[in-house]
Amino acid sequence: MNKISDLIKQEKKRQEETLMMIPSENYASRQVRAAVGSVLMNKYSEGYAERRYYQGNKVIDEIENFAIEKAKKLFGVEHVNVQPYSGSPANAEVLFALVNQGDKIMGLKLSSGGHLTHGHPDITFSGRFYKSVQFGTEDNGIIDYDEVEELVKIEKPKLLIIGTTAYPLVLDWKRLGSIADSIGAWLVADISHVSGLVLAGVYPSPVPFCHIVTTTTHKTLRGPRGAMIMVTKKGVKKDPEIASKIDRAVFPGLQGGPHNNTTAGIAQALIEADSSEFKKYGKQIVVNAKVLAKELKKGGLTIVTGGTECHLIVVDLRPLGLSGNVVAEALETSGIIVNRNSVPNDPAPPFYPSGIRLGTPGLTTRGMGEKEMVVVASMILRVVDHVKDQVLPEEKEKRVEFMKSFRKGLAKDKFLQSIAFEVKSLCKKFPPV
Ligand code: DSN
C-alpha cells in the first residue's frame, strides 16, 4: 500500500465517522474534488485570459473566464479575480493594490471575531507593513457601531477591512459603508465565512456598500480551497482603475502562476451555488445553528452574543472554569470536531483560550436538520459536563503538565468512547457527499 494513499483513506474515514463542526470547513462535492485533482494542475498560465506568458492556455482561458462571469453574475459585481491562492493572499493583494506601506488601516480584532489579515499587530504583514488600528466588541461580544464611527473619525484610516471568523451576528454593512464614506476611506468586506450564506440570501450582501469584496471559496461556499477578489460598482466609481490595480497586485504583484485546477473547482462550486438546492442548503445552515445555540444555552453553556444569526457559535467556557483547548480535545475524543477559540476580551492566550467555536455548514451538507442538532447538542453538553469536574484545579495550576496527563487519559476514557460510538452511528445515517 502506498503510504500517502493509505493516509488519505484514513482521513476520509475520519471525516466520515466524526462530526465536522469547525465552521470554516465543509465537504466539497465530488465534481469540485475531481476538478482540483485534474490534469489542469499541470499547466502554467501566468497572466490573464488571452494575455498569458505561456502558450497552450486556450482551455484554461475558457475555464477562468467562465468562473469570473459566474461570480460576477451571482454576487452582482463589476470585476472578479479568481486567482488568489487563498484568503490571506487575497487580503494581502487588496492591501498591496490600494494602500502604501505605512498607511493606516482598520479592522476588527481577531479576539473579537476578526482575522489575522485585518491588521493584527506585530506578528502579521497586515499589522507590520501598515499602521493598524483595530476595534473590538463590548464584553457581550457585540460590535458598538457608534464606537467604531468615533474611532474612524479620530484615526482616519485610509482603508477599513472588515470581516468575521468568529462573530455570530450579521454585520451592518450599510452602517460600515457610511462610516467609511464619511472619511473617504476604502471599505473592503471580507465575507470568507459567509459568502455561501450571502448567495443563499440568508446573510446581507455587502456589495452595495463596499468597494471590494474578498472571499475564500471553501467555507459556506463549499468549493475548493481558494479565494476571489471582487470589485463593486461603488469601487469602480471611487477609482476607475481599480480592477487593473487588483489584477496587477495578484499577478505579478504577489503571485506567480494561478492554480488552474482550483479555478475549475471554483467554477464548479459556483455552478452548484447557482441553484435552488443551494439556497435551501444555506437557509438550513442558519436554522441548524440557531437550534444548536438554543439547545446549548438551555443546557447551561454561555453563548457569546447570546445566540447566532449565521452558521457559527462561540461558547464562553469561563463560567464553567474550563478552557477551550481542554474541551476541544475532549470533544475530539468523542468524535466531535470543533476548534478552541478566544472569546471577546479574552485574558487567556490564544493556545489556551477561554472558548470553543463550532458551526453547522458541514453537518448541513451531510443532510442533518433540526432534529439532529438537538441530538448533537446533547452529546456536546454531556462531554462538557464530564470534563468539568475533573479538570478545573490541575489546569489552573500547571497548564502544560496538566495537558500532558489529560491527553493520556483521554484515550482511555470510557465515557468519551461511548459518546464517540453514538457519533459514529449518527454519522452512518448521514454519509458525506
Ligand atoms: N482559518 C479560518 C477559520 O477557521 O476561520 C480563517 O482563516
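The values are calculated or read from the model by the stated rules, or taken from the named source; none is laboratory data. These figures come from a predicted structure and were not determined experimentally. Every residue, glycine among them, receives a Cβ derived from its backbone with ideal geometry; neighbour counts consider all protein chains shown.
At a glance:
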{"read-out": "Answer from LYS283, LYS297 - the residue that is touching a residue at least 24 places away in the same chain (Cβ under 8 Å) and among the charged types (D, E, K, R)", "value": "LYS283"}
{"read-out": "Long-range neighbours under 8 Å by Cβ, at least six apart or interchain, first residue among the charged types (D, E, K, R) within segment 126-140, second crowded, with 21+ Cβ neighbours inside 10 Å", "value": "LYS131/ILE105; GLU138/PRO344; ASP139/PRO344"}
{"read-out": "Counted residues, segment 310-338 - those being within 13 Å of the ligand (Cβ to nearest atom) and farther than 18 Å from SER378 by Cα", "value": "2"}
{"read-out": "Flag for SER126 being within 16 Å of the ligand (Cβ to nearest atom) and not in a loop (DSSP other than H, G, I, E, B)", "value": "yes"}
{"read-out": "Any hit, segment 30-46, residues being assigned to a helix (DSSP H, G or I), of a type outside the set (A, V, I, L, M) and within 16 Å of the ligand (Cβ to nearest atom)", "value": "no"}
{"read-out": "Residue in segment 253-262 that is among the aliphatic types (A, V, I, L, M), touching a residue at least 12 places away in the same chain (Cβ under 8 Å) and either within 26 Å of GLY196 (Cα to Cα) or crowded, with 20+ Cβ neighbours inside 10 Å (or both) present", "value": "no"}
{"read-out": "Residue ID - farthest from the ligand (Cβ to nearest atom), chosen from residues in segment 340-367 that are out of contact with any Leu (no Cβ under 8 Å at 6 or more places or on another chain) and within 25 Å of ARG222 (Cα to Cα)", "value": "GLY367"}
{"read-out": "Test result for PRO168, in a loop (DSSP other than H, G, I, E, B), within 16 Å of the ligand (Cβ to nearest atom), at pLDDT 95 or above and under 22 Å from the mean Cα position of the chain (by Cα)", "value": "yes"}
{"read-out": "Residues that are touching a Cys at 6+ places or on another chain (Cβ under 9 Å), away from the ligand (no atom under 16 Å from the Cβ) and farther than 16 Å from SER112 by Cβ, drawn from segment 171-193", "value": "TRP173, GLY177, ALA180, TRP186, LEU187"}
{"read-out": "Any hit, segment 348-363, residues being closer than 19 Å to TYR167 by Cβ and assigned to a helix (DSSP H, G or I)", "value": "yes"}
{"read-out": "Matching option when the condition is over 23 Å from SER342 (Cα atoms), within 15 Å of the ligand (Cβ to nearest atom) and in contact with a Ser or Thr (Cβ under 8 Å, 6 or more places away or on another chain), among GLY196, GLY163", "value": "GLY196"}
{"read-out": "Qualifying residue in segment 49-58 (condition: under 23 Å from the mean Cα position of the chain (by Cα) and outside any strand (DSSP E or B))", "value": "no"}
{"read-out": "Condition check for GLU147: in contact (Cβ under 8 Å) with a residue 12 or more places away in the chain, among the charged types (D, E, K, R) and either within 16 Å of the ligand (Cβ to nearest atom) or within 29 Å of ASP247 (Cβ to Cβ) (or both)", "value": "no"}
{"read-out": "Top-ranked residue in segment 87-123 [being at positive phi and of a type in the set (Gly, Ala, Ser); ranked as nearest to the ligand (Cβ to nearest atom)]", "value": "GLY113"}
{"read-out": "Flag for MET368 being of a type outside the set (Phe, Trp, Tyr), touching a residue at least 60 places away in the same chain (Cβ under 8 Å) and part of a helix (DSSP H, G or I)", "value": "no"}
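A quick yes/no check of all residues on (1) touching a residue at least 24 places away in the same chain (Cβ under 8 Å); (2) among the polar types (S, T, N, Q); (3) not in a loop (DSSP other than H, G, I, E, B):
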{"position": "GLU62", "(1), (2), (3)": "no, no, yes"}
{"position": "ALA71", "(1), (2), (3)": "yes, no, yes"}
{"position": "GLY114", "(1), (2), (3)": "yes, no, no"}
{"position": "THR117", "(1), (2), (3)": "yes, yes, yes"}
